[in-house]
Amino acid sequence: MSRTAQDVLEFDKLRELLRLRTTCAPGRRAVSALEPGTQRAALESAFALIREAREWLRAGRELGFGALADPQGWLEKLEGPGMVLEPGEFLDAASLLETSGWLRQQFREDAAKSPLLTARATGLADFRDTHAAIRWCILPNGEISDDASQALRRIRVSITQTRDSIQRTLKQILRSRNAEAGEDYVTLRNERFVIPVRAEQRRSVPGVVHGASGTGQTVFMEPFETVETNNQLVQLAEDEAAEIARILRELTEKLQGVRGPLLAAVETIEELDSVFARARFAQEFDAAIPEFSDWSELRLVEARHPVLEDKLRKENRAIVPMTLSLGGEERVLVISGPNTGGKTVALKTTGMAALAAQSGIPVAAQRAVLPIFDRVLVDIGDEQSIAADLSTFSAHMLNLKAMLETATPQSLVLVDEMGTGTAPEEGATLAVALLDEFRAKKCIVLATTHHDRLKTYASTTPGVVNAAVEFDDVNLRPTYRLMVGVPGGSSGIAIAQRLGIATGIIERARSLLAPESREAADLIAYLHRSRDELDRLQKQMAAERHALEEERKKLRTEWVERQQKRIKELEAQFAEMQKRFDENVARVVEAVKERELRGQLVKSTRRKMQDARGEARDELNAAVVQTISDSQADLGVQAASATAVSAVRLQPGARVRVRGFSKPVVLRRIDGSSVEIEAGPLRMKVAIDEITSVEGERATAKAFSPRAKLQGVTVTSQSGGGAGSDEINVIGMTVEEATDRLDKFLDDAALGHRTELRIIHGHGTGALRKGIGEFLSSHPLVEKHSFETEERGGKAITVVELRR
């Protein structure tokens, strides 16, 4: 009987690797039941769970069910009518109920990050009542608690009292008889209390004999005085057993009432333990979540056979990963190269990747893109059968015949050493014919060979690709690296030389090679050298590109830091100059003694200071914006267009794109060759030729608010309170900014003969409201001020009355 693909590819050894990473018996059974499937939706659902579990593990957390006793036995027992569980089985049931309750809470805090795991856990039933009933009745040592029922407690109290009464009576009898040492104790025989009496004195104690010692010299007597109380004790024991049986039956019925939810809980624990075992495997083996292709694409990047990798790890050896790609028109890969070079490993690695992916198991690879195969057909290894009187060649032919009969365009075919076991020429031609048939069926095929005829076939046939397992010609040993696109040499003579075959024999063998064989070997060696040189150049280019990218990032970071430092220095200088200016003005004002003149001077000075600050701030903002604009390419932001817009197309209120800004801003006003733009709370002037396009939309109430600044740069806000308005909005401003705005606002209002004004400052922390109140209290134009009524805004708005 030929082996299945799973047997040949050692799929159960992969399942064993997963079983070692489970934490409970149900999880081990779930892993053992993993089989390749063809339902894409079910597979993608399983991998989505594994992806969440892997992220959970990466965060340094775990999920295990080591405290769970195997529930299979007692759950099956619940199916039988009239069955009653034993106390120990109730303890096992309690462990399931506890585990289920614990699991329900596990993912609540990370529900957003683990929605699928959370859904599984929160879908479990609430077993708290059933669990409490079991723990109330069954003690941790498996005994029935006295508190299990009032009747049981009453019976056990009676048992204790009766037992004490019997023992007192028997001890009195022993004392009255002056029993000798060794015969002055009370014991049990046949569940009845008795005393020891010498055989020759048995008639001195009226009662019932319940046995004798091993020597026959002592008999155990139940005196008639205690027969009735012993009978009562026996009856009480029977009552106790009946009450315990009733309690256990009642608990069993409770579990039977929730048997469906219990089975669902076990299934969830099975699934999650299996999922986390596969996630642990993915972490430890750096395995990838496979992608399923729609167009029969097979691509494996840095793939490894996990069973072989595990074996080599234990030997402190490294595995050589494999990369290959098939699909589209190229569906047949012919792998050649020396013996022990890794050709068969390449087949098994590909087959294992397919079986793993379709069983919901991460693939040991950096990336894995696979079709969903309807079957994996394998002919690997020695299939010789003495019992069936078949040679190795015949067994392979029968196997290939069966594979051809069942193969479809959705099949994966793996054939090792095609055409061996018979004459080389016949074997090679037969292998070519078989590969052509598989190719006609549009299967994806990987085949290994030593025949040059097959290498030529792969080089000249559309849809067929050569590959080689590399051989180190210097050290005369295989490297196990798979190279797609070039054929491999057999290297048999080189290997024989390495193994110590005499030099004369080696030279004789080389001289007997046909000229065309030597030419083919030289050509293959040349191809390998060219491939190695190409690989070296690609690696060198990749390293140089990486170095250039790192240097660019470093220069960019340094440039940004320099600009930030320069802007901070400018702001610091601006703040210092403003501070000195304020101090000088304050000293001048303080020197004026006449009150009315000082008030006028204060008002005039404030207005001039505000204008000066505004002009200075505009200049600073213009410098900042220009710096940002000039540096957008370095900062990774692309301008909308390189072409300026004609001034004729610009209208106030239009949304325009400005060089240096990634999103549109609002055009407020045109001033000769410059324009004033608004980006949220920011207003600034830019040159007209900085505008690159017009969006064609009028500005809305909610203007765009890009963060057109570097860290440490602030631009003065311009909001609320235009000329002729009775209301000003200073929300978001500092106290200093707000009072500057308010001073001018109050002057304009006085000139406009307005007597009542509203200042909107919001609630916030209260600091702005307090600062505005203090400012208004000392302002010469203000008669009084108060908060607005509750229905019109309350303490978020201050109402001001001006002097007439």
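The values are calculated or read from the model by the stated rules, or taken from the named source; none is laboratory data. These figures come from a predicted structure and were not determined experimentally. Here the Cβ positions follow ideal geometry from the backbone for every residue, glycine too, while neighbour counts run over all protein chains shown. Protein only, heavy atoms only, side chains kept; ligands, DNA and RNA dropped before computing areas. Shrake-Rupley method; radii C 1.70, N 1.55, O 1.52, S 1.80 Å.
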**OP:** Sum up the charges of everything whose Cβ sits under 13 Å from the Cβ of Glu228, counting Lys and Arg as +1 and Asp and Glu as -1, but leave Glu228 out.
**Re:** -1
Subject >> Evaluated at q = 0.22, 0.24 Å⁻¹: base-10 log I(q)/I(0), Debye formula over Cα of the range 729-796 >> reply: -1.00, -1.18
Original post:
Too long at a 19 Å Cα-Cα cut-off: which of Lys455/Lys539; Lys744/Lys795; Lys314/Lys539; Lys579/Lys685; Lys13/Lys311?
Top reply: Lys455/Lys539; Lys744/Lys795; Lys314/Lys539; Lys579/Lys685
Subject >> Karplus 3J(HN,Hα) series, Hz, for the range 136-146 with 6.51 cos²θ - 1.76 cosθ + 1.60 (x for Gly, Pro) >> reply: 5, 9, 10, 6, x, 8, x, 7, 8, 5, 4
Original post:
Using a ≥ b ≥ c from the Cα gyration tensor of the range 8-116 (square roots of the eigenvalues), is it rounded, prolate or oblate, where a/c under 1.5 gives rounded and otherwise the larger of a/b and b/c decides, a/b for prolate?
Top reply: oblate
Original post:
Which three lengths, in whole Å and largest first, does the range 128-176 cover when its Cα atoms are put on their principal axes?
Top reply: 58, 21, 6
**OP:** Could you pull out the trypsin sites (Lys or Arg not before Pro) across the range 92-124 that fall in loop regions by DSSP (anything but H, G, I, E, B) with no more than 16 other Cβ atoms inside 10 Å?
**Re:** Lys113
Original post:
Once phi is turned into ³J(HN,Hα) by the Karplus curve 6.51 cos²θ - 1.76 cosθ + 1.60 with θ = phi - 60°, what whole-Hz value does each residue of the range 30-39 show in order, with x for glycine and proline?
Top reply: 5, 5, 5, 8, 5, 9, x, x, 10, 8
**OP:** Select from Ala287, Val209, Ala303 the residue farthest towards the positive end of the dipole of the range 189-307; place +1 on Cβ of Lys and Arg, -1 on Cβ of Asp and Glu, and compute about the Cα centre.
**Re:** Val209
Subject >> Where the Cα pairs of the range 125-248 fall when distances are cut into 10 Å bins, in % >> reply: 12, 34, 23, 17, 9, 3, 1
**OP:** Could you list which residues have their amide H under 5 Å from that of Ser145, counting only those 5 or more apart in sequence or on another chain, with H placed in the peptide plane?
**Re:** Ile138, Leu139
**OP:** Whenever you get a sec, compute what percent of the accessible area on the range 129-211 sits on carbon and sulfur atoms (1.4 Å probe).
**Re:** 45
Original post:
Amide H of Glu695: which non-local residues (sequence gap of 5 or more, or other chain) have their own amide H closer than 5 Å, using H built in the peptide plane?
Top reply: Arg655, Val656, Arg657
Original post:
Using the alpha-carbon centroid of each, what span in Å lies between the range 358-372 and the range 37-112?
Top reply: 26
Original post:
Out of residues 5 or more away from Ser359 or on other chains, whose amide H comes under 5 Å of its own, with H placed 1.01 Å from N in the peptide plane?
Top reply: Gly37
